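The values are calculated or read from the model by the stated rules, or taken from the named source; none is laboratory data. It should be emphasised that the depicted structure is a prediction, and the values quoted were computed from it without experimental measurement. Quick reminder, even Gly has a Cβ in these numbers, built from the backbone with ideal geometry, and neighbours come from all protein chains shown.
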Amino acid sequence: MSHIELPPPTAPDWHRWRSGLFGGWGNSLITLAALGAFVWLLQPFLRWAIFDAVWTGTAGECAVDGAGACWAFIGAKLRFILFAFYPPDLQWRPALVVVVVIALLVLSALPRFWSFRLVPLWIAALVFSWLLMAGTLTPPQVSTNNWGGLPITLVVSIAGLAFAFPIALLLALARQSSMGIVRTLAIAFIETLRGVPMIAVLYVAMLIVPLALPSGAAIDKLLRAQIGVTLFFSAYLAEVIRAGLQVVPWGQREAALSLGLGYIQTIRLVVLPQALRAVIPAIVNLSIGIVLNTSLLAVIGIYDLLNAARTSATDPTWLGFYTEAYVFAAVVYFAICFTGSRYSIWLEKRLNDAARH
Amino acid sequence: MTSTLQPGPQGPGFPSRLRTWLGPLPFQQLLLFAGVLAIFALFGSNTADSMQRMGLTPGFGFLFHQANFEIGETVFPYAAGDTYARALAAGLANTVKVAMVGCVLATVLGVALGIARLSGNLLLATFVHAYVELLRNTPLLLQLFLWSAIIHALPPPRGAYAFLDSVYLSNRGVYVPSVSLHGLSWAIWLPAILLTAYASLSLARRLLTGAAFYMPKAAVTVLGSLIVCSFALTSFGLAATVDLPAKGGFNIKGGLSLTPEFFALLIGLVVNASASISEIVRSGIQSVKSGQWEAARALGLSPAQILRLVVLPQALRVITPLMISSFLDLTKNSSLAVAIGYPDIVSVANTTANTTGQALEAICIIAAVYLTLSLSVSALMNLYNRRVVLRGELRR
């Protein structure tokens, strides 16, 4: 751009705050009432969570009358909540998986590293995670029944997104196709999965898939759940991608075809780069939804973060500290998802700015 | 409809329309369709074999067998020994109950929060923002578990928390006042309710179609019906009594008692949905360009008039479809009831699958219930979009 853009003038912060909080009688009253209600609501919570809380010690010290939250319980059961039934002396493996996954997430979040080299990197990381957790690389082996906690939540979400992506892409293209049967099949698949609750899909994966396989064949329980999560979200992702495809004007396809590009080339070189760029923030938001919804694995007996937290409160020595366990799990989920949603907002702004210049 | 009677070119015939619908590569498409059918047939025959091996007969005949389990709470009478069909119907009624009450309460709370967010008061807006972020970034199932844990940690009925001596919170349930009607009063109340419903529906319709807003007429209808009713009630000596719950010994008597499971599910769903609804209301009202406010102000309309005549009719076009999809989400989310012990349709179907082994049929029933709901709602939405949104576009 040739001209210099100046930011619009804004009032100083303190001025904005003063008029926002005490501009006029009514506003001042609302401020005071809100403050009062906030203190009234927050005070018992703070007393429970901080002032009366037991930070260290044993379950006995938490059972004292008038004691608040028992954070000593979190200290004692932290490893169980994070890794569930994974053998304690081997818990460096899930810890390493979490570190690798988070490092890769941070790397992929930075637009300067965006390239197709990330795809094999992620595939390698997911395969590595699976082999490491299973103990194929470094015996002893650990059955997937003993996997649990944060690695399950992270790996199932990320693998769900990764495997859902190609399926969703095909579904979105099929839904726009001029071939009637292909279009109808895609619509039926997408609308069916979007119409039923996720729990029904997980029940199918748990109860029906074993019946539908030929006798003798069996698929691992975690893998079945993973397939369920993947198919469920591929339907939602397909709709997100379709919204992106609709952003690209039809004339561009016609122009590409008239230049002699084939269908696949047109889609790959002309349509998808624009369509996907338009929906990156929506895909990040959907990923947050996937992380939140993997908590439903708890219902079918897989020890994800939420189920591990819940089970930690059934330990006979630390019985019944459910509220503490849930609050802790909520903090972990919030940390992951809030970071994700801030990132999505930042990214949207950045992409919009890039599009404008 | 009457194309054959009209002069001019004929429309394309059925074979030609079929060819257009099929598009390119018809034979490969038919092959694909056959492949999909074959996969389903393979899975189907495998499932039938597996069920045979377990000694089960595929099909819905089991629905008329005796169900030997109890259901914690039902809308209509049900006892162990009734048929599975009745048990499933009881579960469906429970789903409908929590979804309907939940949608109403979530709308009230969500709209209030959305308005608070827009009120211009910075503190209030910040609080609501924090509330929304907190609820949107934690799993709903976790919220339900937490509500359930909190309710089970309440004191027993003897030491129940009381609000205004009419609402009691205890670990055995929540007690709220109930209204009961006597004698003929239904005959008087029913027309009143119908009239009010009609008036509010017509109000909504006028709002949604963006036509002029006949506030006085609707208000007169509602007020008039209320006055007639109260007059009728007092003159005939028929009354509706309010039954307040009260502490008595070890339990709380009277009023309407809500089980801890129902209450935990309801409050969890309502609080969760209110966060999205408040965002919908906020974004809907903000979607109306500020120029519209300024133009209306320049015409001399009062702030209330601007909101009613200019902003809301436009905002509601954005809000309504989103609101309906968030009602649908709430209904689908009510399936998490199975995790906290509320006997909704999923929970009852799950019990049915466990006791009879007819897992496939049970899941088909769950899917059929939710699919019917979702598809009919999306059909209605398409109708709405065609009628309202498109016409709005054209008019502009």
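Table for the structure above
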{"quantity": "Exclusive hit being surrounded by fewer than 12 Cβ atoms within 10 Å (Cβ to Cβ), within 30 Å of A:ALA188 (Cβ to Cβ) and free of Cβ contacts under 8 Å to residues at least 24 places away in the same chain, set A:PRO120, A:PRO166", "calculated": "A:PRO166"}
{"quantity": "In the stretch B:356-396, residue modelled with the highest pLDDT [restricted to those that are in a helix (DSSP H, G or I), more than 14 Å from B:PHE60 (Cβ to Cβ) and among the charged types (D, E, K, R)]", "calculated": "B:ARG386"}
{"quantity": "Unique residue being touching an Asp or Glu at 6+ places or on another chain (Cβ under 9 Å), of a type outside the set (Gly, Ala, Ser) and in a helix (DSSP H, G or I) when the list is A:PHE45, A:PHE80", "calculated": "A:PHE80"}
{"quantity": "The stretch A:249-268 - residue that is under 15 Å from A:SER177 (Cα atoms) and among the hydroxyl-bearing types (Ser, Thr, Tyr) and, of those, surrounded by the most Cβ atoms within 10 Å (Cβ to Cβ)", "calculated": "A:THR266"}
{"quantity": "Test: B:ILE306 is surrounded by 19 or more Cβ atoms within 10 Å (Cβ to Cβ) and on the phi < 0 side of the Ramachandran plot", "calculated": "yes"}
{"quantity": "Flag if A:VAL291 is under 20 Å from A:PRO94 (Cβ atoms), surrounded by fewer than 17 Cβ atoms within 10 Å (Cβ to Cβ) and either under 20 Å from the mean Cα position of the chain (by Cα) or free of Cβ contacts under 8 Å to residues at least 24 places away in the same chain (or both)", "calculated": "no"}
{"quantity": "From the options A:PRO151, A:PRO214, residue that is surrounded by fewer than 17 Cβ atoms within 10 Å (Cβ to Cβ) and either part of a helix (DSSP H, G or I) or out of contact with any strand residue (DSSP E or B) (no Cβ under 6 Å at 6 or more places or on another chain) (or both)", "calculated": "A:PRO214"}
{"quantity": "Close pairs (8 angstrom Cβ cut-off, 6 or more residues apart or separate chains): closer than 15 Å to B:THR74 by Cα in the stretch B:335-355, among the aliphatic types (A, V, I, L, M) and part of a loop (DSSP other than H, G, I, E, B) anywhere", "calculated": "B:PRO343/B:ILE71; B:VAL348/B:ILE71"}
{"quantity": "When residues of the stretch A:167-192 are limited to those that are of a type outside the set (A, V, I, L, M) and part of a helix (DSSP H, G or I), the one modelled with the lowest pLDDT", "calculated": "A:GLY180"}
{"quantity": "Subset of the stretch B:22-50 (residues that are within 36 Å of the chain's Cα centre (by Cα), of a type outside the set (Phe, Trp, Tyr) and within 7 Å of another protein chain (Cβ to nearest Cβ))", "calculated": "B:VAL36, B:THR47"}
{"quantity": "Subset of the stretch B:274-324 (residues that are in a helix (DSSP H, G or I), hydrophobic (A, V, I, L, M, F, W, C) and over 30 Å from B:LEU135 (Cα atoms))", "calculated": "B:TRP293, B:ALA295, B:ALA296, B:ALA298, B:ALA304, B:ILE306, B:LEU309, B:VAL310"}
{"quantity": "Those residues of the stretch B:113-147 which are more than 7 Å from every other protein chain (Cβ to nearest Cβ), under 21 Å from B:LEU307 (Cα atoms), in contact with a Ser or Thr (Cβ under 9 Å, 6 or more places away or on another chain) and not small (Gly, Ala, Ser), in sequence order", "calculated": "B:LEU113, B:ILE115, B:ARG117"}
{"quantity": "Unique match (being within 19 Å of A:PHE165 (Cα to Cα) and within 14 Å of another protein chain (Cβ to nearest Cβ)) among A:ILE280, A:ILE300, A:ILE290", "calculated": "A:ILE290"}
{"quantity": "Candidate set: the stretch B:314-339, residues that are in contact with a Leu (Cβ under 6 Å, 6 or more places away or on another chain) and more than 10 Å from chain A (Cβ to nearest Cβ); chosen: the one surrounded by the most Cβ atoms within 10 Å (Cβ to Cβ)", "calculated": "B:LEU330"}
{"quantity": "Condition broken by A:TYR203, with the remaining ones in (1) within 14 Å of chain B (Cβ to nearest Cβ); (2) hydroxyl-bearing (Ser, Thr, Tyr); (3) surrounded by fewer than 24 Cβ atoms within 10 Å (Cβ to Cβ) satisfied", "calculated": "(3)"}
{"quantity": "One residue from A:ALA330, A:ALA308, A:ALA298 being without any contact (Cβ under 8 Å) to a residue 60 or more places away in the chain, in contact with a strand residue (DSSP E or B) (Cβ under 9 Å, 6 or more places away or on another chain) and buried (at least 19 other Cβ atoms within 10 Å of the Cβ)", "calculated": "A:ALA298"}
{"quantity": "Conditions (1) surrounded by fewer than 17 Cβ atoms within 10 Å (Cβ to Cβ); (2) more than 18 Å from B:TYR342 (Cα to Cα); (3) out of contact with any Phe, Trp or Tyr (no Cβ under 7 Å at 6 or more places or on another chain); (4) touching a residue at least 24 places away in the same chain (Cβ under 8 Å): number failed by B:VAL101", "calculated": "(2)"}
{"quantity": "Evaluation of A:GLY262 against (1) closer than 30 Å to A:LEU292 by Cα; (2) over 21 Å from the mean Cα position of the chain (by Cα); (3) within 14 Å of chain B (Cβ to nearest Cβ) (one fails), failing number", "calculated": "(1)"}
{"quantity": "Members of the stretch A:234-254 that are more than 21 Å from the chain's Cα centre (by Cα), touching a residue at least 12 places away in the same chain (Cβ under 8 Å) and farther than 23 Å from A:LYS349 by Cα", "calculated": "A:GLN252, A:ARG253"}
{"quantity": "Which listed residue is touching a residue at least 60 places away in the same chain (Cβ under 8 Å), of a type in the set (Val, Ile, Thr) and in the same structural domain as A:VAL201 (by TED's automatic domain parsing), from A:ILE219, A:ILE280", "calculated": "A:ILE280"}
{"quantity": "Filter result for the condition that a residue is of a type in the set (Ser, Thr, Tyr) and more than 10 Å from chain B (Cβ to nearest Cβ), over A:THR317, A:THR323", "calculated": "A:THR317"}
{"quantity": "Filtered residues of the stretch A:61-104 (kept if of a type in the set (Val, Ile, Thr) and within 19 Å of A:GLY148 (Cβ to Cβ))", "calculated": "A:ILE74, A:ILE81, A:VAL97, A:VAL98, A:VAL99, A:VAL100, A:VAL101, A:ILE102"}
{"quantity": "Hits in the stretch A:50-74 (condition: surrounded by fewer than 17 Cβ atoms within 10 Å (Cβ to Cβ) and in a helix (DSSP H, G or I))", "calculated": "A:ILE50, A:PHE51, A:GLY60, A:GLU61"}
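Residues are listed down the side, and each one gets a yes or a no for (1) in contact with a strand residue (DSSP E or B) (Cβ under 7 Å, 6 or more places away or on another chain); (2) more than 22 Å from A:ARG310 (Cα to Cα); (3) modelled with pLDDT of 85 or more; (4) assigned by TED's automatic domain parsing to the domain that holds A:ALA313:
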residue: A:GLY20; (1), (2), (3), (4): no, yes, no, no
residue: A:GLY23; (1), (2), (3), (4): no, yes, no, no
residue: A:GLY26; (1), (2), (3), (4): no, yes, no, no
residue: A:THR31; (1), (2), (3), (4): no, yes, no, no
residue: A:TRP40; (1), (2), (3), (4): no, yes, yes, no
residue: A:PHE73; (1), (2), (3), (4): no, no, no, yes
residue: A:PHE83; (1), (2), (3), (4): yes, no, yes, yes
residue: A:PRO88; (1), (2), (3), (4): no, no, no, yes
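Results for (1) at pLDDT below 80; (2) buried (at least 16 other Cβ atoms within 10 Å of the Cβ), shown as yes or no for each residue.
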{"position": "B:ALA153", "(1), (2)": "no, no"}
{"position": "B:PRO157", "(1), (2)": "yes, yes"}
{"position": "B:SER166", "(1), (2)": "yes, no"}
{"position": "B:SER170", "(1), (2)": "no, yes"}
{"position": "B:GLY173", "(1), (2)": "no, yes"}
